[in-house]
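The next block holds one structure in the form of structure tokens; read it before the comments.
The values are calculated or read from the model by the stated rules, or taken from the named source; none is laboratory data. All values reported here derive from a predicted model rather than from experimental measurement. Quick reminder, even Gly has a Cβ in these numbers, built from the backbone with ideal geometry, and neighbours come from all protein chains shown.
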Amino acid sequence: MNRKCRVKKFEFFASAAILLLFNLPVFSQNSLTVVDVQRIIAQAVSAAGALNQRVTVSVTDNEGNLLGTFAMTGASSTTLIRSVGTAGQGLENLIVPSAAASYSKAGTAGLFSTSGNAFTTRTASFIIQEHFPPGIDNRPGGPLYGVQFSTLPCSDVAIEGLPLGLSGDPGGIPVYKNGFAVGGVGIEGDGLYTIDRNPLDNDQAVEEIIAIAAVRGFESPPLIRGDNILVEGIRLPYLNNATVPDVPTTPFGSLPGSVTAPVIAAPASDFFPTTAGGVPGRATVRFPTTAGTVLTLADVQQILASAAQIANITRAGIRQPIGGNARVNVAVVDVNGAVLGIFGQNDAPIFGLDVSVQKARTSMFFARPDAATKLNAAGFGSYVTRAAADGIGLNGSVAFSDRAVGFLHRPLFPDGINNTTAGPFSTPLSNWSPFNVGLQLDLIRTALVSPPVSCRAYGRQKRGGMAPCPCTTIPELPNGIQIFAGGLPIYKGGVLAGGIGVSGDGIDQDDFIAAAGANNFAPAVEMRSDRVLVRGVRLPFLKFPARPTLP
């Protein structure tokens, strides 16, 4: 065994030892137990029965692990993905298992929520559409436009990939225990997996009503719910007001239906405590900090530390109470897409684990000199042609931030301006929907739908040692791409060295923190995407909050 292999082996076992030493116990007071999961399911099924509904219920922990699924007698085993796009394009009109939908809803609510913010799938729907807020003309796309295609079952990064990625279909609610975010519950039963296109109609979704009943005794603290959080002065939704049936809870063993995924307690956390730049946080033994092709170990540690230190004084944009600092995940990747390091501040939302890596890989990939060649070889030449028609060669001459890549990925260009044509990486608006966004989906579609929903059995696959799919046929993008702000390519000595991605707070905060991490590894000014005009419009590079830091 050569010295490099011995060092790698030592790093792995040293990290494993730290994990065993510091990891939280499986059955801590702030984890869901078997009894907790059974109670949540029983409350959901009892309410559904009172409403004469037949549903499928899933419960997850806050890292996406499936803790149990129950299908009521008579519940449909499938549901239809359908929104505003053209039937048959993207994922529109795809029939998927109801269990997959309920799992994705539960996982979304659990992965999005922390002790500083509680978001539902209705919240998610509000921030992924072509306008923000939805339905308001000439407004830019949602701040998390594209996040639905993260935490996929084919991801090499997500702790547990959700079968449909992150969900915007109302009926997913976070679960809290002793005031701590511990998971989510998801309900599927109306036969339609969709999004809320009209946030003003106060629709009373029966799946959401049942989910509200399910979390009795496990409710989120009122202050941190999505409807107490404003983005650009716009109040996010949480739940539509509804009358929830107050009925006796049938004992779990007497519920009408069957357990289709075993009920278990929340497993041990994937994370262990660590620090970066003196900032307390967490890391995962699956991705030890290491050197890359161009970056040294010290470089990677410096990037993570610089980002963490700035995050620790960055004014949070989506957390309550107001006045706290942002909590984010930071990832650094190599020029080949390999993860060189991941650090998360304590209480950063766990959905950002996968997203931060997607952002870093996206920024790195589109700055590669062979980006166009790789896209052509993978069968996506039409997007290369459209980009070239707009004067974008994808030849390494431009350092695209993730904000810039996303700007080119909108169905209205410039972003959100009505009666304009689509960006070169988007599908035209006439065919567009959150289930058909263009290149981002096309890259991963085969992995999701062939076979349907998942290219491998989902549920605890990482712990079982199963290898990822991967999500795309491009080696540098194994978990797909992300198309909202918070990622930058990084350079050393004028040479592309990789990428940094930040995810977990507002997108302007993510940009600010990513810029801090990349401060000593920034691209030459003349290479930045904000030096490029497309159709007479200047592309963005970074955008910072108005008052970024705390006193």
### Query
Is it the case that the range 362-385 has a residue that's within 25 Å of P140 (Cβ to Cβ) and among the charged types (D, E, K, R)?
no
### Query
Across the range 502-530, what is the total count of residues that are part of a helix (DSSP H, G or I) and touching a residue at least 40 places away in the same chain (Cβ under 8 Å)?
16
### Task
Give the number of residues within the range 115-153 that are within 14 Å of G64 (Cα to Cα) and surrounded by fewer than 24 Cβ atoms within 10 Å (Cβ to Cβ).
0
### Query
Looking only at the range 405-430, which residues are touching a Lys or Arg at 6+ places or on another chain (Cβ under 6 Å) and either closer than 14 Å to A387 by Cα or surrounded by 23 or more Cβ atoms within 10 Å (Cβ to Cβ) (or both)?
G423, P424, S426
### Query
Just one of V339, V357, V300 is closer than 21 Å to A404 by Cα, hydrophobic (A, V, I, L, M, F, W, C), modelled with pLDDT of 95 or more and surrounded by 21 or more Cβ atoms within 10 Å (Cβ to Cβ); which is it?
V357
### Query
Out of the range 54-82, which residues are among the small types (G, A, S) and surrounded by fewer than 21 Cβ atoms within 10 Å (Cβ to Cβ)?
G74, S76, S77
### Task
Only residues that are without any contact (Cβ under 8 Å) to a residue 24 or more places away in the chain and either more than 15 Å from V35 (Cα to Cα) or touching a strand residue (DSSP E or B) at 6+ places or on another chain (Cβ under 6 Å) (or both): list them for the range 244-258, please.
D246
### Query
Looking only at strands (runs of 3 or more DSSP E) that fall completely inside the range 49-133, which ones have 1 or more residues that are among the small types (G, A, S)?
56-61, 66-72
### Task
Please enumerate the residues belonging to the range 529-551 that are polar (S, T, N, Q) and either at pLDDT below 95 or within 15 Å of L488 (Cβ to Cβ) (or both).
S529
### Query
Condition test on K462, is it outside the structural domain of F343 (by TED's automatic domain parsing) and either surrounded by fewer than 24 Cβ atoms within 10 Å (Cβ to Cβ) or modelled with pLDDT of 95 or more (or both)?
yes
### Query
Which ones in the range 274-287 are surrounded by 16 or more Cβ atoms within 10 Å (Cβ to Cβ) and either aliphatic (A, V, I, L, M) or part of a strand (DSSP E or B) (or both)?
T274, A276, V279, G281, R282, A283, T284, V285
#### Entry: Failed criterion for G379 (all others in (1) in contact with a strand residue (DSSP E or B) (Cβ under 9 Å, 6 or more places away or on another chain); (2) surrounded by fewer than 23 Cβ atoms within 10 Å (Cβ to Cβ); (3) under 20 Å from P470 (Cα atoms) hold)
(1)
### Candidates L340, L295 - the one that is among the aliphatic types (A, V, I, L, M) and over 22 Å from T151 (Cβ atoms)
L295
### Output for the range 482-497, where each listed residue is surrounded by 24 or more Cβ atoms within 10 Å (Cβ to Cβ) and assigned to a loop (DSSP other than H, G, I, E, B)
Q482, I483, F484, A485, G486
### Query
Looking at D402, D442, which one is surrounded by fewer than 24 Cβ atoms within 10 Å (Cβ to Cβ), at pLDDT 95 or above and not basic (K, R)?
D442
